[in-house]
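A short write-up of the structure that comes next.
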Amino acid sequence: MSDSAKESPFKGKTGLRRLLNATGYSFDGLRAAWQHEAAFRQICLLALAGIVLALCLPLPAWGRGLIIFAHLLGIVVELINSAIEASVDHTSLERHPLAKRAKDLGSAAQLASLVNMASIWAIVLFNHG
């Protein structure tokens with residue numbers, strides 16, 4: 001089988017058309033996450049509050065940057081976690097140990113992201129000035 005036969009038929013676009021399509025798909029994903037995922041909305045609101053607070057506090061630029069990065073990372077992790085959950089649910093709604101493992105691993109990644117976020121806040125707050 002040739003390499004091209006192994007690829008998705010949706011991979012046909014190249015150049016600017018591919019970039020425009022990918023951007024549209026990304027916005028579709030953000031809309032779907034906001035509409036269907038309460039955890040995504042919560043992590044976005046946490047990021048909004050955290051970023052605004054970081055910008056209002058008298059923090060060094062490196063601290064603000066780390067805090068903003070940590071909050072954006074939390075959003076990225078939640079998008080990936082939601083994608084895993086949707087993929088598992090699409091495959092089957094039956095209980096299966098591998099499905100549980102996949103969902104638990106995604107949840108653990110988000111927990112690690114939140115611990116990272118809290119740690120960065122603590123480091124910045126206790127080491128500025």
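Fully extended, how many nm does the chain gain between Lys103 and Ala32 (0.36 nm per residue separation, minus their Cα-Cα distance)?
That pair, Lys103 and Ala32, stretches by 23.7 nm at full extension.
On average, how much accessible surface per residue is there in region 40-129, in Å², for a 1.4 Å probe, leaving out ligands, DNA and RNA?
Heavy-atom accessible area per residue stands at 63 Å².
Taking the chain as the reference, fit the longest principal axis to its C-alpha atoms, fit the long axis of helix 15-36 to the helix C-alpha atoms, and give the angle between the two in degrees, 0 to 90, nearest 10.
Roughly 70 degrees between the two axes.
With a cut-off of at most 10 other beta carbons within 10 Å, and DSSP calling the residue loop, which GluC sites (Glu not before Pro) in region 71-129 qualify? Please list them.
Glu94
Helix-only mean residue ellipticity at 222 nm, the chain, DSSP H runs n ≥ 4 weighted -39,500 (n - 2.57), per residue, nearest 500. What is it?
Dividing the helical sum by the residues of the chain leaves -28500 deg cm²/dmol.
What residue among His71, His36, His90 has the largest mean-square fluctuation in a Gaussian network model of the chain, using Cα springs under 10 Å?
His90
At what distance in angstrom do the alpha carbon centres of region 110-129 and region 42-71 lie from each other?
Using only Cα atoms to place each centre, the spacing works out to 10 Å.
What relative contact order, as a whole-number percentage, does the chain give when Cα pairs under 8 Å and 6 or more residues apart are counted?
Relative CO of the chain lands at 26 percent.
Any idea what angle helix 97-127 forms with the longest principal axis of the chain, computed on alpha-carbon atoms, 0 to 90 degrees, nearest 10?
For helix 97-127, the angle is close to 20 degrees.
Once R0 is set to 35 Å, what does the formula 1/(1 + (r/R0)^6) return for the Cβ-Cβ distance between Arg95 and Ala61, expressed as a FRET efficiency to the nearest 0.05?
Efficiency for this residue pair is about 0.10.
Compute the helix-to-body angle for 38-56: its Cα long axis versus the longest principal axis of the chain, expressed 0 to 90° and rounded to tens.
Helix 38-56 sits at roughly 30 degrees to that axis.
Please work out the Kirkwood hydrodynamic radius for region 53-124, using every pair of different C-alpha atoms, and report it in angstroms with one decimal place.
13.6 Å
Based on the Cα atoms of the chain, what semi-axes does the equivalent ellipsoid have, where each is the square root of 5 times one gyration tensor eigenvalue, given in whole Å with the largest first?
34, 21, 14
Kindly provide the trypsin sites (Lys or Arg not before Pro) of region 73-122 that DSSP labels as loop, not H, G, I, E or B, and whose Cβ sees at most 11 other Cβ atoms within 10 Å.
Loop-located and lightly packed - Arg95.
Treating the beta-carbon of each Lys and Arg as +1 and of each Asp and Glu as -1, no other charges, what is the dipole magnitude of the chain about its Cα centre, to the nearest 20 debye?
About 240 debye.
The values are calculated or read from the model by the stated rules, or taken from the named source; none is laboratory data. It should be emphasised that the depicted structure is a prediction, and the values quoted were computed from it without experimental measurement. Glycine gets a Cβ as well: all are built from the backbone with ideal geometry, and neighbour counts include every protein chain shown. Note: areas computed on protein heavy atoms with side chains; ligands, DNA, RNA excluded. Shrake-Rupley method; radii C 1.70, N 1.55, O 1.52, S 1.80 Å.
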